[in-house]
1. Which lysines, if any, have their Cα less than 28 Å from the Cα of K91, not counting same-chain residues under 8 positions apart?
2. So what's the net charge close to A32: Lys and Arg +1, Asp and Glu -1, counting the other residues with Cβ under 12 Å from its Cβ?
3. How large is ³J(HN,Hα), in whole Hz, for each residue of segment 191-208 in order, when computed from phi with the Karplus curve 6.51 cos²θ - 1.76 cosθ + 1.60 and θ = phi - 60°, using x for Gly and Pro?
4. Hey, what number do you get for the chain at 222 nm if only DSSP H runs of n ≥ 4 count, each worth -39500 (n - 2.57), divided across all residues, to the nearest 500?
5. Please give every one of the lysines within straight-line cross-link reach of K231, meaning a C-alpha to C-alpha distance under 20 Å, and leave out same-chain neighbours fewer than 8 residues apart.
6. Once amide H atoms are placed 1.01 Å from N in the peptide plane, what residues at a sequence separation of 5 or more from A38, or on another chain, have their amide H within under 5 Å of its amide H?
7. Whole-Hz ³J(HN,Hα) for each residue in segment 258-272, computed from phi via Karplus 6.51 cos²θ - 1.76 cosθ + 1.60 with θ = phi - 60°, x for glycine and proline: what do you get?
8. Would you pull out the residues with amide H under 5 Å of T147's amide H, same chain only if 5 or more places away, H placed 1.01 Å from N?
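Here, each number is a calculation from the coordinates, and none is a lab measurement. None of these values were measured; they are calculated from a predicted model. Note: ideal-geometry Cβ built from the backbone for every residue, glycine included; neighbour counts use all protein chains shown.
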Amino acid sequence: MSLTVRELFDLRGRTALVTGGATGLGLAMARALAEAGASVAIASRRDDLCKQKAQELAQATGASTLGVRMDVVSREEIRNAFEIVLSKFEKLDILVVNAGTAGVGEAVSLSPEEWNATIDTNLAGAFWCAQAAAASMIPRRSGNIVTIASIYGFLATDGRLYGDPGQAPLENPAFAASKGGLIQLTRSLAGAWARHGVRVNCISPGGFLVERLARRLGPDRERFMKMWAEKTPLGRMGDPDDLKGAVLFLASDASRYVTGQNLAVDGGWSLW
């Protein structure tokens with residue numbers, strides 16, 4: 001029987017976990033899933049904050065929610081967090097792998113510690129989370145994993161935008177490498193788990209003025225936003241709500257014949 005569009009996007013009866021879900025784009029995506037009817041667990045390194053945001057999300061949407069501490073560089077914390085989520089909700093249908101770090105540093109002087117910290121969080125941590133989710137999804141032959149990469153996973157960083165024109169361009173080779181790896185990891189896992197009924201897709205956001213970036217820019221914020229908008233076909237930076245539709249599409253049955261894909265949500269930045 002054919003499903004209606006509303007039914008295809010309906011997440012009632014499903015459970016989602018969003019890593020890095022207590023702030024910024026992660027919180028916006030968690031809200032999108034809750035608004036579509038899912039029960040939602042928010043995970044972050046700040047236990048107090050993710051519990052607070054989970055409570056606020058429940059009050060705003062009526063969804064069943066949970067806040068749980070998880071540092072994705074720790075496999076033990078990942079295991080503990082997944083056990084807590086499964087104990088409360090009994091199953092996991094959707095994982096959004098959003099936790100990450102900026103990994104900014106000059107290529108010529110980037111230290112092993114800085115490199116490893118970025119790769120461990122953005123790439124290795126993403127894999128361990130996906131692996132933990134798949135362990136519970138594969139026996140049920142059903143599940144959706146959405147990874148969050150970046151346009152800098154397939155484009156070079158235009159570091160001239162991030163500072164005073166008299167300063168050296170910003171460089172983030174570890175971030176770019178980790179996000180490029182994440183896009184390819186998404187394809188690999190999609191191929192590995194498709195036969196088990198588990199889909200894996202990726203979203204690559206473009207320019208979104210998240211709190212961390214706004215703090216780093218400081219007084220250069222307005223100049224940065226103007227320059228970014230001028231280089232973007234749609235003429236503006238992204239708003240957190242701009243990711244809600246993308247994550248809902250990939251997390252729902254609306255994309256049930258889609259796997260291994262990378263969706264750029266960038267206002268057309270990658271066209272030019």
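1. Within reach: K51, K53, K244.
2. It works out to a net charge of -1.
3. The phi angles translate into x, 6, 10, 4, 5, 9, x, 10, 9, 9, 9, 10, 10, 10, x, x, x, 10 Hz.
4. -13000 deg cm²/dmol
5. none
6. Excluding prolines and chain starts, which carry no amide H, the hits are L11.
7. With coefficients 6.51, -1.76 and 1.60, one gets 10, 8, x, 9, 10, 9, 7, 10, 9, x, x, 3, 6, 6, 9 Hz.
8. V97, N201, C202, I203
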